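Each reported figure results from applying straightforward, stated rules to the coordinates on display, with no laboratory input. What you see is a predicted model; the values in this text were computed from it and never measured. Neighbour counts are summed over all protein chains in view; Cβ atoms, including those assigned to glycine, are modelled from backbone coordinates with ideal geometry.
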Amino acid sequence: MTRVLSGVQPSGEMHLGNYLGAFRSWVADQHEHDALYCIVDLHALTLDYDPSALAERTLVTAACLLAVGLDPATCTLFVQSHVPEHPRLTWLLECTATMGELQRMTQFKDKAARGHDDGGGGGGGEAPSVRVGLFTYPVLMAADILLYDADRVPVGDDQRQHLELARDVAIRFNGRCGDTFVVPEAAIPSAGARVMDLQEPTRKMSKTVSSPQGTVLVLDPPEVVRRKVRRAVTDTESEVRYDPKAKPGVSNLLDLLAAAAGGEPARLAEGYTTYGALKDDVADALVALLEPVQQRYAEVVADHGALRRILAAGAERAHLIAAATYERAARSAGLLMP
Ligand code: TYM
């Protein structure tokens, strides 16, 4: 059976990009494959964060994943820091990946530069005050994937380069130390792979940088979703046409409609003569998509005890797989086994 693994950072509220780009595929994949999903709390330490809120955010993220439709009886849901092999394998892979590879990672360059912009970090070039963990982040991500012999990794388009790195590192390790890791493939959805900010449609919707008005949260009440969609930035023309370069705002709305209600963006455009009508339909489709999720969320989030039990069972299963893979990798790397 194909093994699937993916992860999400518990670093903010889940938004439409997370849902359409990743979680929907996770839900579908759990029924067809052996699926493991990981709340990557160690990754959330790489940027400024609030230590007093992280544990709660981790539980809330678990509740959100159950609400979108993950079934803990069908898939394995766990927290990264509960499985100690993640940082252990990271070290072996840090001794496989190169500085050059990590310096080419666009997410690192963006986040490091952003830290510089708000005076919090060191900027791209020398990056003296950027956390080392932000630099090595993709190696930890490679460890997340390779520990579980994942064949398939369902992610949004922004993770494509990180997946390439995980593949390159696996291939290099296998070449040097003998066949050890499964080489994973990214699974990127055809619709919703790159949801853009509604206020700045040339920038992806994101937990950390988007404008609050441009980010539709999975838990936004219907009237808030409608308001955000109504205020979405379009352009000064009036023609509804799918052209992401020339008309990023309108194209993003068409992408959202396609992802939420089905259809093909360029085709959908033919049905509209005004931006207002398009926005109304996008808002209706998003509200219909999110309402059942919000109802389930209210049911599951209150019971922290149940959430913790689900995560503990998930970590137990994940650990069985991860421990075996780590041992195999340590042997391949030539370490003396205890
Ligand atoms: P994260 O937490 O930023 O996002 C979780 C998932 O949501 C997708 N996503 C989007 N998809 C479409 N449009 C958007 N605007 C958008 N924003 C986010 C992401 O592509 C992702 O699939 N590095 C990862 C977490 C990670 C991971 C892993 C993923 C750590 N280890 C192992 C897969 C396998 C991240 O920061 O995702």
Query raised in the report: Hey, if you put +1 on the Cβ of every Lys and Arg and -1 on every Asp and Glu Cβ in the stretch 212-298, which of P244, A277, V224 ends up farthest toward the positive end of that dipole?
Result: V224
Report summary line: With no solvent term and unit scatterers on the alpha-carbon positions of the stretch 212-298, Debye gives log₁₀ I(q)/I(0) at q = 0.27 Å⁻¹ of -1.41
Query raised in the report: Please identify the GluC sites (Glu not before Pro) of the stretch 247-321 that satisfy two criteria: DSSP loop assignment and at most 13 other Cβ atoms within 10 Å. Which are they?
Result: E270
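How much space per residue, in cubic angstrom, does the convex hull of the C-alpha atoms of the stretch 9-86 take up? Numbers along the way, then the final one.
Numbers: hull volume 7.6 nm³, N = 78.
Each residue corresponds to 97 Å³ of Cα convex hull volume.
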Requested in this report: Would you mind finding the longest exposed-site-free stretch of the chain, with exposed trypsin sites (Lys or Arg not before Pro) meaning DSSP loop and at most 16 other Cβ atoms within 10 Å?
Outcome: 1-103
Report task. Would you mind computing, in nm to one decimal, how far apart the modelled labels at D280 and E164 are, each placed 7 Å from Cα along Cα→Cβ? Result -> 4.4
Report summary line: Given the candidates V301, L36, L102, the one whose Cα lies deepest towards the positive end of the charge dipole of the chain, counting +1 at each Lys or Arg C-beta and -1 at each Asp or Glu C-beta, is L102
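For n ≥ 4 DSSP H runs only, could you compute -39500 (n - 2.57) per run for the chain, divide by its residues and tell me the 222 nm figure to the nearest 500? If you can, show how the numbers build up before the last one.
Values: 12 runs with 171 residues, N = 338.
Taking each H run of at least 4 residues, the total per residue is -16500 deg cm²/dmol.
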Query raised in the report: Put +1 on the Cβ of each Lys and Arg and -1 on the Cβ of each Asp and Glu in the chain; which of L66, T234, S211 then has its Cα farthest toward the positive end of the dipole?
Result: S211
Requested in this report: Express in whole angstrom the spacing between the alpha-carbon centres of the stretch 228-285 and the stretch 28-77.
Outcome: 31
Report task. Using R₀ = 30 Å, calculate the FRET efficiency as 1/(1 + (r/R₀)^6) where r is the Cβ-Cβ separation of E270 and E200; round to 0.05. Result -> 0.65
Query raised in the report: If the chain between R309 and E327 were fully stretched, how many nm would it gain, using 0.36 nm times the residue separation less the Cα-Cα distance?
Result: 3.8 nm
Query - Scattering curve values for the chain, log₁₀ I(q)/I(0), Debye with Cα scatterers, q = 0.07, 0.13, 0.15 Å⁻¹ - result: -0.30, -1.03, -1.30
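Based on Cβ point charges of +1 for Lys and Arg and -1 for Asp and Glu, what charge dipole magnitude is obtained for the stretch 212-298 about its Cα centre, in debye rounded to the nearest 20?
Values: 11 positive and 13 negative charges, 52 e Å.
Charge dipole, the stretch 212-298, about its Cα centre: 260 debye, nearest 20.
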Query - Pair D48, A246: separation of 7 Å Cα→Cβ label points (nm) - result: 4.1
